[in-house]
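Please treat every number below as a calculation from the coordinates, not as lab data. As the structure is a prediction and not an experimental result, all values here were calculated from the model. Every residue, glycine among them, receives a Cβ derived from its backbone with ideal geometry; neighbour counts consider all protein chains shown.
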Amino acid sequence: MQRRRVLPGFGLSLGYVVTYLGLIVLLPLAALAWKASGVGLHQLLQLLSSPRTLAALRLSFGGALVAAVFNAVIGLLVAWVMTRYRFPGRRLLDAFIDLPFALPTAVAGIALTAIYAPNGWLGQWLVPLGIQIAYTPLGVMMAMVFVGFPFVVRTLQPVLEAMDRDVEEAAASLGATRLQTFMRVILPMLMPALLTGFALALARAVGEYGSVIFIAGNIPMHSEIAPLLIVEKLEQVDYAGAAALGVVMLCFSFVLLIVIARLQRWSGRWAERSA
Amino acid sequence: MTLLLSHLSRHFTDAAALDDVSLAIAPGEFLALLGSSGSGKTTLLRILAGLDYPQTGSVTWGGHDLLNMNARERKVGLVFQHYALFRHLTVTENIAFGLRVRPRHARPARAEISARVEKLLKRVQLEGYGKRFPAQLSGGQRQRVALARALAVEPELLLLDEPFGALDAQVRIALRRWLRNLHEELGLTTVFVTHDQEEALELADRVAVMNRGRIEQVGTPEAIYQQPATPFVCEFIGKVNKFELRREQDRLICGALELGADPWARRYDRAVAYIRPEHLALSASGWKAHLRHIYLAGSVAHLELALDASEQIIEVDVPSEDLLQMSLQPGAELYVEARTATVFPLLDAPGEAKPEDRRVLKPHQRA
């Protein structure tokens with residue numbers, strides 16, 4: 001039995017989706033994998049076990065995780081303030097949130113460096129206090145926070161707007177403290193959207209290049225990110241090595257995103273209607 | 001413990017939501033706050049729940065000042081129109097919420113909590129639904145979960161905000177009778193807000209009719225219906241025919257109709273009379289009228305008549321069986337008698353009535 005729907009065209013639209021994904025996403029990735037296969041297993045292991053590669057991967061993924069966690073917390077706060085309160089300048093502030101998306105990342109990197117470099121606006125005061133941001137992992141994370149910031153805010157805002165206030169009032173009248181109301185009622189309801197924002201911010205931070213390299217200083221074993229290592233290999237005409245490193249990053253990212261997707265599904269299991 | 005509300009006022013920036021409201025609610029009473037939207041009934045309920053605060057006035061509950069406690073400390077059960085269930089928690093977790101958030105020393109043991117939840121599930125007739133999420137329940141089931149959740153903390157005061165407003169007509173009627181039984185079983189004091197007069201009159205021990213932030217009348221459903229105290233209550237409750245009256249000598253007159261002797265000894269020149277459709281009857285004498293429409297509504301037929309003397313359109317309720325015997329057609333000439341009319345004197349200021357000088361007239365009472 002063919003079921004009739006209001007909007008037909010499943011076959012056609014699925015065809016488009018598959019073709020599109022194939023051309024835009026899978027084809028380049030396949031080319032990457034094919035190129036990487038030029039590297040022998042031995043060579044690959046050597047590449048991966050080199051301390052410099054490991055340090056770069058650790059900074060790329062570790063830094064991105066820290067930045068995404070930071071963005072999740074601050075993004076939640078910002079989204080909360082933007083949706084819950086009406087204050088003068090709210091719309092302007094709301095427009096500012098998207099600026100990290102609009103700015104060329106290199107510009108952002110240069111601006112951050114200008115501010116936090118030892119002779120920069122803030123750097124000249126922070127460095128004597130022992131807080132060095134530019135040319136350290138801290139600077140890398142700062143750039144990652146900057147570029148990933150809008151994701152969490154923008155994914156949470158519509159969910160917060162749609163959330164009924166009476167759920168909080170019900171919790172309060174049942175005897176929950178403010179902290180309990182937040183932890184047991186509000187946060188779990190926001191969790192699926194929060195994880196989406198977190199995953200987007202994380203993915204963006206892992207792949208970020210332009211803004212990071214300016215503030216990182218790119219000191220091997222200290223503030224060098226994996227994408228920079230790839231570019232370096234390209235400059236040395238080691239295409240296979242660059243591709244291999246790229247595939248490794250891809251696998252890591254894929255595993256991370258799958259884990260987040262599972263978490264997200266679990267945290268939103270209550271929204272599924274079927275018993 | 002008596003719940004005592006005295007001189008409550010709550011002003012929002014643009015309007016007064018409550019204007020000097022005083023009310024005493026007896027222990028174990030089932031009280032309905034009835035009014036249209038914007039009458040202040042929900043504001044009053046929210047003040048009782050601790051979700052809103054009045055600018056002036058006091059609320060005491062057996063001598064304790066409720067306004068000094070926040071929503072968390074009041075231990076009232078609160079049920080919302082749109083259920084306000086925690087949709088990320090199962091039915092069981094929803095019901096147990098109020099017990100689980102208690103500080104450790106006051107929290108019942110796990111086994112005790114699940115025993116209580118089981119008992120409540122049984123009470124609201126939802127045994128076996130404990131593992132479902134709210135999204136998997138119907139509206140009526142959700143509202144029963146909300147009720148069980150509110151009852152789990154063993155409140156002495158139950159507050160319901162339009163609890164049946166979002167439900168189908170049939171579910172609504174079944175659920176409200178069930179709620180009435182539950183109230184009697186548990187002996188709670190219950191206050192519920194509604195805009196549905198049928199619901200209020202059917203369920204409540206007493207009804208408080210609210211209008212523009214004030215309580216117009218508090219009384220038993222019977223008193224509200226049979227002896228409306230103000231013109232607003234006359235017009236708000238049930239259907240009513242309204243007549244603008246003038247005094248001529250010692251008689252009250254509407255156009256060419258006479259309603260009876262002036263009950264106020266010539267103190268007022270104008271008045272308004274309200275006559276319910278069922279207090280009008282077809283008869284052999286009385287006011288002459290022509291039939292315009294017949295609306296059959298089951299056991300009762302609503303007749304729309306035009307009075308010959310004033311050309312006013314009035315409604316008369318007649319048992320459907322009587323109507324069948326008369327075999328009336330639109331355009332037929334009829335006579336109408338008014339058995340009971342409630343009259344209020346009108347002051348010269350536009351529309352100002354004097355509710356305290358209410359009188360009941362019997363325009364066509366037979367000797």
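Summing charges over all other residues whose Cβ lies under 13 Å from the Cβ of B:VAL360, with Lys and Arg as +1 and Asp and Glu as -1, gives +4.
Computed from Cα atoms, the angle from the helix B:110-123 axis to the main principal axis of chain B rounds to 20 degrees.
Taking the three principal axes of the alpha carbon atoms in the range B:3-231, the coordinate ranges are 53, 40, 33 Å, sorted in descending order. Cut-off 10 angstrom, C-alpha nodes, Gaussian network model of chain B. Which of B:ALA115, B:ALA26, B:ALA204 fluctuates the most? Looking only at B:ALA115, B:ALA26, B:ALA204, the largest GNM fluctuation is found for B:ALA115. Taking amide H atoms as placed 1.01 Å from N in the peptide plane, the amide H of A:GLU224 lies under 5 Å from those of A:ILE219, each 5 or more residues away in sequence or on another chain.
I want the antiparallel fraction of DSSP beta bridges within the range B:3-231, as a percent rounded to 5. Write down the numbers at each step before the final one.
Working: 18 of 36 bridges.
Antiparallel: roughly 50 percent of the beta bridges in the range B:3-231.
Over chain B, with a Gaussian network built from C-alpha contacts below 10 Å, which listed residue (B:THR56, B:THR42, B:THR342) shows the highest mean-square fluctuation? Checking each option, the largest mean-square fluctuation is seen for B:THR56. Once a ≥ b ≥ c are taken as the square roots of the eigenvalues of the Cα gyration tensor of the range A:73-150, is the result rounded (a/c under 1.5), prolate (a/b larger than b/c) or oblate (a/b not larger than b/c)? It comes out prolate by the Cα gyration axes. Spatially, the range B:146-210 and the range B:241-313 are offset by 37 Å when compared through their Cα centroids.
For B:ASP161, A:ASP166, the sequence from fewest to most other C-beta atoms within 10 Å is A:ASP166, B:ASP161.
Cβ under 11 Å from A:ALA67's Cβ, A:ALA67 left aside: what net charge do those residues give with Lys, Arg +1 and Asp, Glu -1?
0
Which percentage, to the nearest 5, of the DSSP beta bridges contained in the protein assembly as shown is antiparallel? Working shown, then result.
Working: 63 of 81 bridges.
Bridges in the protein assembly as shown that DSSP calls antiparallel: roughly 80 percent.
Give the order of B:LYS239, A:LYS35 when sorted by the count of other beta carbons within 10 angstrom, beginning with the fewest.
In order of increasing Cβ crowding within 10 Å: B:LYS239, A:LYS35.
Computed extension length for A:LEU99-A:MET183: 27.2 nm, one decimal, from 0.36 nm per residue of separation with the Cα-Cα distance subtracted.
Can you give the longest run of chain A that contains no chymotrypsin sites (Phe, Trp or Tyr not before Pro) sitting in a DSSP loop with at most 11 other Cβ atoms inside 10 Å? Walk me through the intermediate numbers first.
Working: sites that count: A:TYR85, A:TRP121.
Maximal segment without exposed cleavage sites: A:122-275.
Residue by residue along A:162-171, Cβ atoms of other protein chains within 10 Å of the local Cβ number 6 on average. Pairs of alpha carbons in the range B:160-217 separated by more than 20 Å make up 25% of all such pairs.
Place a point 7 Å from Cα of A:GLN236 in the direction of its Cβ. Which residues in the range A:48-66 have their backbone N less than 18 Å from it? Only A:48-58 pass the distance filter.
With the cut-off at under 19 Å, measuring from each backbone N in the range A:241-274 to a point 7 Å along the Cα-to-Cβ line of A:LEU32 picks out A:241-261. Within chain A, helices built from complete DSSP H runs that reach 18 Å or longer along their own axis (Cα positions) and carry a mean Kyte-Doolittle hydropathy of 0.5 or higher are A:51-84, A:137-162, A:187-207, A:239-267.
Remind me, what semi-axes does the protein assembly as shown give for its equivalent ellipsoid, largest first in whole Å, using sqrt of 5 times each Cα gyration tensor eigenvalue?
Working: eigenvalues 1020, 160, 133 Å².
Calculated on Cα positions only, the semi-axes equal 71, 28, 26 Å.
Ellipticity at 222 nm from helices only: DSSP H runs of n ≥ 4 in the protein assembly as shown, each -39500 (n - 2.57), divided by the residue count, give -14000 deg cm²/dmol. Among the trypsin sites (Lys or Arg not before Pro) within the range B:129-184, those in coil by DSSP and having at most 11 neighbouring Cβ atoms inside 10 Å are B:LYS131. Return a whole-number percent for the relative contact order of chain A, with Cα pairs under 8 Å and 6 or more residues apart as the contact set. Normalised by residue count, the contact order of chain A is 29 percent. Inter-chain Cβ neighbour count for B:47-59, averaged per residue, equals 1 (cutoff 10 Å, partner chain atoms only). Its residue count N fixes a reference of 2.2 N^0.38 Å for the range A:4-68, and the Cα radius of gyration divided by that reference is 1.85.
Scanning chain B for GluC sites (Glu not before Pro) that sit in a DSSP loop and have at most 14 other Cβ atoms within 10 Å, the longest stretch containing none of them is B:128-310. Find the relative contact order for chain B and round it to a whole percent, using C-alpha pairs within less than 8 Å whose residues are 6+ positions apart. Relative CO of chain B lands at 15 percent. Here the convex hull built on the C-alpha positions of chain A has a volume of 219 cubic angstrom per residue.
For A:ILE215, the shell of other residues with beta-carbons less than 13 Å away shows a net charge of -2, using +1 for Lys and Arg and -1 for Asp and Glu.
Under 13 Å from a label point set 7 Å out along the Cα-to-Cβ vector of A:ARG91, no amide N atom of the range A:133-176 is found. The value obtained for the range B:239-365, namely the Cα convex hull volume divided by the number of residues, is 106 Å³ per residue. Of B:HIS82, B:HIS105, B:HIS183, the residue with the greatest mean-square motion in the GNM of chain B, using alpha carbon springs below 10 Å, is B:HIS105.
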